[in-house]
Amino acid sequence: MSASVKELVSKMTLEEKAMLVVGAGKARRVPGAAGETRGIERLGIPSIVTADGPQGVRIEGDGKPYPATAFPSAIVLASTWNPEVVEKVGKAMGEEAKEYGVDILLAPGMNIHRNPLCGRIFEYYSEDPILTGEIASAFVKGVQSQGVGACLKHFAANNQETNRRLVDTIVSERALREIYLRGFEIAVKKAKPWAVMSAYNKLNGKYCSENEWLLTKVLREGWGFDGLVMTDWGAGENPVEQMKAGNDLLMPGNDDQVKAIIEAVKKGELSEEVLDRNVENILKVIVKTLAFKGYKYSNKPDLEAHAKVAYEAAAEGIVLLKNKDSTLPLGKETKIAVFGTGQIETLRGGLGSGWTHPKYTVSILEGFKEKGLKVDSELAEKYEKYVEEMRSREEYKPKRPGVPLPPPPQDFLSEEEVEKYAERNDVAVVVVSRLSGEGWDLKPVKGGFYLSDDEKSLLEKVSKAFHKYGKKIVVILNIGLPIEVASWRDLVDAILLIWQPGQEVGRVAADALIGLINPSGKLPTTFPRDYEDVPSWSFPGEPPDNPVKVVYYEDIYVGYRYYDTFGVEPAYPFGHGLSYTEFEYSDLRVEVSADSIKVKFKVKNVGKYPGKEVAQVYVSPPRGEIPKPLQELKGFHKTRLLQPGEAEEIEVEIPLRLLASYSCGKWLVEAGKYEVRVGASSRDIRLRTEFTLEKSLSYEP
Ligand code: BGC
């Protein structure tokens with residue numbers, strides 16, 4: 001293939017080459033897709049179409065969006081800790097892309113959750129690079145099994161939305177290699193994605209799209225990436241620098257960029273070999289695409305089958321944060337009073353380029369009714385009227401049809417009214433929602449990271465009234481990022497974190513409440529006790545009102561690596577998630593070979609319900625020369641559905657390479673005693689054992 005690609009390049013004029021490396025500005029073949037390249041008819045090179053994104057295929061159409069499944073947000077997929085389920089989602093999304101004529105899907109998003117306020121956390125997987133890399137690999141494999149390319153984004157260290165197009169992100173090479181690049185490295189090596197999208201921000205002084213170290217030294221030469229690199233939409237400043245850095249394709253592209261590239265070659269400022277290299281990288285991908293193969297797409301993806309995949313993934317990603325005295329599951333006859341406007345205006349996903357256009361979204365209230373839960377219908381009607389009334393008011397009116405707004409004030413019921421519902425129902429369910437999206441970060445204020453006064457007072461009222469009658473309160477969190485929970489969680493008996501799980505949201509929420517789904521998700525990111533505890537205190541940079549620079553002072557101590565090493569208690573730790581059943585861990589053994597360790601143990605369901613457990617393997621390093629986190633996740637395994645009394649023998653293989661730290665230009669595994677810790681969360685370690693490495697190991701980057 002590459003011989004024919006080379007031949008193709010040799011036939012191209014300079015103008016044609018410049019046209020190929022600059023996108024067409026707007027997608028025409030599939031109107032309202034995020035972008036398209038320019039075809040060169042004379043040479044039989046078709047245009048290829050790109051579309052967002054992580055939550056489902058987004059095609060705006062000519063004023064009428066293409067219906068596509070709204071899958072669970074990326075943070076939900078990571079919460080499943082189940083690569084098999086994630087691969088199914090990738091496959092389904094790939095099939096939708098394929099049947100709509102899309103060649104490259106602009107997903108997965110895989111930036112690290114550096115700070116809980118980042119508006120796009122819902123679109124990214126985790127604070128941990130291993131979990132990120134494994135989940136992304138599964139997703140990419142699924143998408144690409146359909147002959148559609150996946151595109152890892154946003155490369156790299158795009159961990160905030162504030163001033164994302166210009167902010168200079170200052171990060172040590174160690175933190176880059178160990179935290180911010182590692183997930184990408186895993187996915188590049190394991191899943192061979194067709195494309196990578198360079199990020200908007202600068203990295204250590206240079207725009208990512210103009211950063212030769214990042215795009216050529218690390219990505220291509222270091223990791224062997226052989227796909228194409230495209231810019232984020234309108235990223236960077238200088239098309240010639242982008243070409244030189246190894247950013248093959250400029251998206252969405254404009255004619256000025258084409259001209260600048262032609263002129264630079266003519267003036268000798270850009271060598272034609274560099275341009276040829278980029279053209280080749282693009283062509284190598286084009287010849288793999290459905291467009292090149294002349295695939296006749298149907299415009300009829302199997303949305304019914306994919307709804308089931310969306311449901312399954314959403315179900316596996318639910319995290320049960322708290323369940324005092326087995327409040328959940330509820331009996332099917334339990335009378336439920338549902339509070340919170342989020343029961344009607346339920347959020348399926350986050351906003352921005354990852355927004356979706358499904359045929360339907362089942363709201364929480366609809367899901368409860370459909371599944372036959374006994375909801376207080378008078379209260380439900382009250383909420384329906386309230387939402388309608390508020391949304392007709394100027395200040396709460398939607399600006400764009402179909403795009404959600406922040407919820408109206410939550411505390412509109414009097415104490416007497418709440419008391420009436422407490423008397424005649426068995427349990428209260430309060431829906432708490434938080435909207436977030438591309439282009440803005442949350443603030444560490446009430447209504448942002450903290451509950452607003454009206455959300456808090458609703459919880460207080462409901463708690464007082466229901467507890468007075470000895471009845472329980474369940475909170476459903478319909479959020480895309482961690483919020484503060486420590487100050488109010490004692491008011492309630494159970495907290496079910498459903499995140500923003502796509503179009504089937506109401507159905508999965510209902511099934512989880514009544515135990516048809518036994519929650520088996522675990523947190524892919526820490527819920528800090530207070531914003532003050534968050535290590536990335538420099539977020540979103542300096543000067544605070546309009547940051548141009550953000551320094552990652554916390555270095556490698558991101559998420560639990562910080563909380564665990566420095567003894568800071570989180571509200572809910574990384575990896576946490578309860579189940580309606582109980583699991584017992586036993587029989588830990590470790591076998592060390594020349595290049596890996598095998599960690600073997602047993603997990604048994606010792607409770608009353610069938611359930612799945614996510615067993616996590618952390619490794620605690622010896623005290624050597626390089627300062628290191630107390631422990632780091634090195635592997636994990638989700639069990640199959642275990643019936644009560646049933647056990648699974650588990651084996652997790654960890655390459656020794658994965659234990660390395662980056663030091664002085666090398667990956668180094670220091671000799672000494674390592675502790676292997678196996679547990680149900682980063683703070684619920686059930687089994688420990690040790691092994692000794694006699695000699696240090698080192699690897700070239
Ligand atoms: C986003 C990308 C997205 C692109 C195309 C950009 O603004 O950052 O994630 O893929 O738009 O819609």
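The values are calculated or read from the model by the stated rules, or taken from the named source; none is laboratory data. Everything quoted here is computed from the prediction, not taken from an experiment. Every residue, glycine as well, gets a Cβ built from its backbone with ideal geometry; the counts of neighbours run over all protein chains shown. Surface areas here come from the heavy atoms of the whole protein model, side chains and all, with no ligands, DNA or RNA. Shrake-Rupley method; radii C 1.70, N 1.55, O 1.52, S 1.80 Å.
With R₀ fixed at 41 Å, the C-beta to C-beta distance from residue 424 to residue 393 puts the FRET efficiency at about 0.85. Sorting 113, 357 on solvent-accessible area from highest to lowest, probe radius 1.4 Å, gives 357, 113.
Where both bridge residues fall in the stretch 12-293, DSSP classifies roughly 25% of the beta bridges as antiparallel. Over the chain, Cα pairs under 8 Å with separation of 6+ residues give a relative contact order of 14 percent.
Quick check of the Kirkwood formula: for the chain, what is the inverse mean of 1/r over all pairs of different Cα atoms, in Å? One decimal place: 26.1 Å for the Kirkwood radius. To the nearest 10 degrees, how steeply does helix 182-191 sit against the main Cα axis of the chain, on a 0 to 90 scale? Taking the Cα atoms of the chain, the angle to 182-191 is about 70 degrees. In the full protein context, the stretch 1-51 carries 44 Å² of accessible surface per residue, based on a 1.4 Å probe and ignoring ligands, DNA and RNA. Among the listed pairs 88/288; 11/192; 600/695, those whose Cα-Cα separation exceeds 26 Å are 11/192. Among the listed pairs 359/634; 202/259; 91/446, a Cα-Cα separation exceeding 31 Å is found for 359/634; 91/446.
Our coupling estimate for the stretch 597-610, obtained by passing each phi through the Karplus curve with A = 6.51, B = -1.76, C = 1.60 and θ = phi - 60°, is 10, 10, 9, 10, 6, 10, 10, 10, 7, 10, x, 9, 10, x Hz, Gly and Pro reported as x. Pairs of C-alpha atoms in the stretch 1-136 farther apart than 17 Å represent 65 percent of all such pairs. As a calculated quantity, the FRET efficiency between residue 692 and residue 443 at R0 = 56 Å, using C-beta atoms, amounts to about 0.70.
Under 13 Å from a label point set 7 Å out along the Cα-to-Cβ vector of residue 7, no amide N atom of the stretch 289-315 is found. Highest mean packing comes first when the peptides 525-538, 581-594, 664-677 are listed by Cβ atoms within 10 Å, giving 525-538, 664-677, 581-594. Split the accessible area of the stretch 619-701 by element, probe 1.4 Å, and carbon with sulfur accounts for 47%. Here the simple spin-label model places points 7 Å from the Cα toward Cβ, and for residue 586 and residue 657 these points are separated by 3.7 nm.
When the solvent-accessible area of the stretch 314-521 is split by element, carbon and sulfur atoms take up 51 percent of it, the probe being 1.4 Å. Per residue, the solvent-accessible area of the stretch 583-699 (1.4 Å probe, heavy atoms of protein chains only, all protein chains present) comes to 46 Å².
Each part reduced to its alpha carbon centroid, the stretch 401-417 and the stretch 172-206 end up 41 Å apart. Residues within the reach of a label modelled at residue 417 (point 7 angstrom out along Cα to beta-carbon, backbone nitrogen below 17 Å), restricted to the stretch 330-374, are 337-345.
Say a paramagnetic label sat at a point 7 Å from the Cα of residue 297, along Cα to Cβ; which residues of the stretch 10-28 have their backbone N under 17 Å from it? Counting backbone N atoms under 17 Å from the label point, the list is 24-28. For the pair residue 671 and residue 469, the difference between a 0.36 nm per residue extended length and the Cα-Cα distance amounts to 66.7 nm.
The distance separating the Cα centre of the stretch 463-517 from that of the stretch 301-323 comes to 17 Å.
Here the accessible area of the stretch 12-293 is 48 percent carbon and sulfur, with a 1.4 angstrom probe and all protein chains present. Note on residue 411: accessible area is roughly 50 Å² with a 1.4 Å probe, heavy atoms of protein only. Each peptide in 85-96, 556-567 receives the mean, over its residues, of other Cβ atoms within 10 Å, and ordering these scores from highest gives 85-96, 556-567. The order of the peptides 257-268, 431-442, 337-348 by mean Cβ neighbours within 10 Å, most packed first, is 337-348, 431-442, 257-268.
With protein chains left intact and a 1.4 Å probe, residues in the stretch 314-521 average 37 Å² of accessible area per residue.
Cα centroids of the stretch 216-245 and the stretch 579-622: 40 Å apart. Annotation for residue 385 and residue 569: the two label points, set 7 Å from Cα along the Cα-Cβ direction, are 4.5 nm apart.
Computed from Cα positions, the angle between helix 377-392 and the longest principal axis of the chain comes to roughly 40 degrees. The calculated FRET efficiency for residue 643 paired with residue 84, based on their beta-carbon distance and R0 = 22 Å, is about 0.70. Taking all protein chains together and rolling a 1.4 Å probe, residue 304 ends up with roughly 150 Å² accessible. Can you give me the angle between helix 303-317 and the longest principal axis of the chain, using Cα atoms only, in degrees from 0 to 90, rounded to the nearest 10? With rounding to tens, the tilt is 70 degrees. Remark: the residue 374-residue 29 segment gains 119.3 nm on full extension, using 0.36 nm per residue and subtracting the alpha carbon distance. DSSP beta bridges fully contained in the chain are about 60 percent antiparallel. Pairs from the table (190/628; 244/443; 284/399; 206/628) lying more than 31 angstrom apart at Cα are 244/443; 284/399.
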